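Contents: one structure, followed by commentary.
What follows draws every value from the coordinates through simple rules; no lab data is involved. Quick caveat: nothing in here was measured; it's all calculated off a predicted structure. No Cβ is skipped: glycine too gets one built from the backbone with ideal geometry, and neighbour counts run over all protein chains shown.
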Amino acid sequence: MTKQQAAARLTFRQEAVRYLYSLLLLVLIPFALLNFLFRKQKKEHTGEHGRFERFGIVSRPQNKGGYLFHCVSVGEVVAASVLIKRIMADEPNTSVTITTTTATGSARVRAIFGDGVNHFYLPYDVSIAMNSMLKRVAPKMVLITEVELWPNLIHCCWRQSIPVVVINGRMTTRSARRYKKIGLLFTPMLDKVGHVCAQGQRDYDNYLFLGIAPSKLTLTNNIKFDQKAPDTIHKSSFHGIHKDHRPIIIGGSTHEGEEQALLDTVISLKPDFPTLLLILVPRHPERFSSVKKLIENQSLQLVCTSHAPTITSEADVVLVDEMGQLNKAYEIANMAFVGGSLADKGGHNALEPAAHKLPIIMGPYTYNNPVICDSLKQSGALIIVNDQAGLTSQCRTYLQRPEEAIKAGEAGYEVLIANKGAVEATISVMKSF
């Protein structure tokens, strides 16, 4: 067999795999359509067109020829927002479209940008839906945040000569090994990506392992380091509570099991620190009601922000059962536990509390952001605990020695400032197209 014949056979196999993938999705879509038609309208759909966005019938931007950003959920929206704000400042007449796949991601887009961007849910990854979406938006570039790579989206962009750039690219070693096993689908998709901006050395190396050309790969570092620190540190209030009004622990983006650990921590600390307040911000809104029931089963006074414009002095626990409030709550806290880390979810964004000069506590699962967490640990800004007992012990230390908490918070803020530059590196890659 000649090299040309071998290459032709490989290409045929790759296309066959992609078409089988598309066929599988097409088989599933009728069931999804029935689900949309017969279930009650959910809050995640904004307007009557919302239920059809998954099929490519999407809202058009004010002007065509802009940028299309795909962000899966909250974390990706937060990361991309730093770059999007820069683009909107540099190119005020260029439209920006943001797609998400979750209700929480959609809510964060609205909270950050309001009506300043065009937003809808990403369609199902079949050619007819993706082509319909691209025809309506007509972007000059598609930017995928972190990790979610859809074969047909990338293929349709490639066919239409729309460059696809992965920004803040994340690729864990475990994911790279899995993708390597489905190389017939993943390799041709990766060949059609214009460029990957890796957020860390691990991610850079794993993309090389998957076979991307070195000329299409840049180590930009993590865009999250470029997020703007608030101008009003220690000056804001949250539902009537000001910074240092009383000692406050915040649990940000928490998952099942982590709320109970924080509640047990507060119950243990209350005898020595009677004015201690816990603020809980669950990661997913569908858990608000279950977390509320969990708190009501404790010997603690609960306040829900959706029903209380002002938090009374009698409150022991505040449940933030509204979207887009986490950073406002960080402004008044004294220390932060970042969720998804005692629960095995990889850990969420530790730079958000660092931007507010808060000492940070996390569990052992921090593999989503290893560079960020390592930098914060080395500076003394982040303390890793293995369980609820460790969480209680570290919170007690910061309450007994507030000067240590302040020092750790300052260290985290310095890490944030010292590692800026990923936005500039990413824009340089974008300009190359």
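Along segment 290-300, what does the Karplus equation 6.51 cos²θ - 1.76 cosθ + 1.60 (θ = phi - 60°) give for ³J(HN,Hα), rounded to whole Hz, x for Gly and Pro?
5, 5, 4, 4, 4, 5, 5, 7, 9, 8, 9
Suppose we take every Cα in the chain and form the convex hull; what volume per residue is that in Å³? Write down the numbers at each step before the final one.
Values: hull volume 64.4 nm³, N = 433.
Enclosed volume per residue, from the Cα hull, is 149 Å³.
Explain nothing, just the number: dipole magnitude of segment 237-418 about its Cα centre with +1 on each Lys and Arg Cβ and -1 on each Asp and Glu Cβ, in debye rounded to the nearest 20.
Numbers: 14 positive and 21 negative charges, 27 e Å.
For segment 237-418, the charge dipole is close to 120 debye.
Could you work out the relative contact order of the chain, using alpha carbon pairs under 8 angstrom and six or more residues apart, expressed as a whole percent?
Details: 802 pairs, mean separation 54.0, N = 433.
About 12 percent, as a whole number.
Give me the angle, in degrees from 0 to 90, between the Cα long axis of helix 103-113 and the longest principal axis of the Cα atoms of the chain, rounded to the nearest 10.
That helix lies at roughly 80 degrees to the long axis.
Translational diffusion coefficient of segment 101-148 at 4 °C, 1.567 mPa s, Stokes-Einstein with Kirkwood Rh over Cα pairs, in µm²/s as a whole number.
Details: Rh = 12.3 Å.
Answer, rounded: 106 µm²/s.
Would you kindly derive the ³J(HN,Hα) couplings of segment 355-363 from the backbone phi angles with the Karplus curve 6.51 cos²θ - 1.76 cosθ + 1.60 (θ = phi - 60°), listing them in order in whole Hz, with x for Gly and Pro?
3J(HN,Hα) across segment 355-363, in whole Hz: 5, 9, 6, 9, x, 10, 10, 9, x.
Regarding segment 54-109, what's the average projected area of the Cα-atom convex hull, expressed in nm²?
Values: hull surface 15.7 nm².
Value for segment 54-109: 3.9 nm².
Hey, can you rank 279-291, 295-307, 245-257 by average C-beta count inside 10 Å, highest first?
Values: 279-291: 19.3, 295-307: 14.2, 245-257: 21.5.
The peptides rank, most packed first, as 245-257, 279-291, 295-307.
So how do Glu146, Glu314 line up by other beta-carbon neighbours within 10 Å, fewest first?
Details: Glu146 23, Glu314 7.
With the sparsest Cβ surroundings first, the list reads Glu314, Glu146.
Let me see the P(r) profile for segment 318-433: every Cα-Cα distance counted, bins of 10 Å, each bin given as a percent of all pairs.
14, 41, 33, 10, 3, 0
Distance check, please: which entries in Lys243/Lys407; Lys243/Lys357; Lys135/Lys192; Lys293/Lys357; Lys224/Lys328; Lys292/Lys328 exceed 22 angstrom between their Cα atoms? Don't skip to the answer; put the middle values down first.
Working: Lys243/Lys407 17 Å; Lys243/Lys357 12 Å; Lys135/Lys192 19 Å; Lys293/Lys357 32 Å; Lys224/Lys328 18 Å; Lys292/Lys328 20 Å.
Over 22 Å Cα-Cα: Lys293/Lys357.
Rounded to the nearest 500, what is the chain's calculated 222 nm mean residue ellipticity when only DSSP H runs of at least 4 contribute -39500 (n - 2.57) each, over all residues? Intermediate values should be presented prior to the final figure.
On the way: 16 runs with 192 residues, N = 433.
Rounded to the nearest 500, it is -14000 deg cm²/dmol.
Measure out, as a whole number of angstrom, how far apart the alpha-carbon centroids of segment 359-433 and segment 249-283 sit.
19
Only four residue types carry charge here, +1 at the Cβ of Lys and Arg and -1 at the Cβ of Asp and Glu. Report the dipole size of the chain about the Cα centre in Debye, rounded to the nearest 20. Could the numbers behind the result be given before it?
Values: 48 positive and 38 negative charges, 365 e Å.
With only Lys, Arg, Asp and Glu charged at Cβ, the dipole is about 1760 debye.
What is the angle, in °, between the Cα long axis of helix 127-137 and the longest principal axis of the Cα atoms in the chain? Nearest 10 is fine, range 0 to 90.
70
With all pairs of different alpha carbon atoms counted, what Kirkwood hydrodynamic radius in Å does segment 237-418 show?
On the way: mean 1/r = 0.0628 Å⁻¹.
Evaluated over segment 237-418, this radius sits at 15.9 Å.
In whole Hz, with x marking every Gly and Pro, tabulate ³J(HN,Hα) for segment 309-315 from phi via Karplus 6.51 cos²θ - 1.76 cosθ + 1.60, θ = phi - 60°.
x, 10, 8, 7, 5, 7, 5
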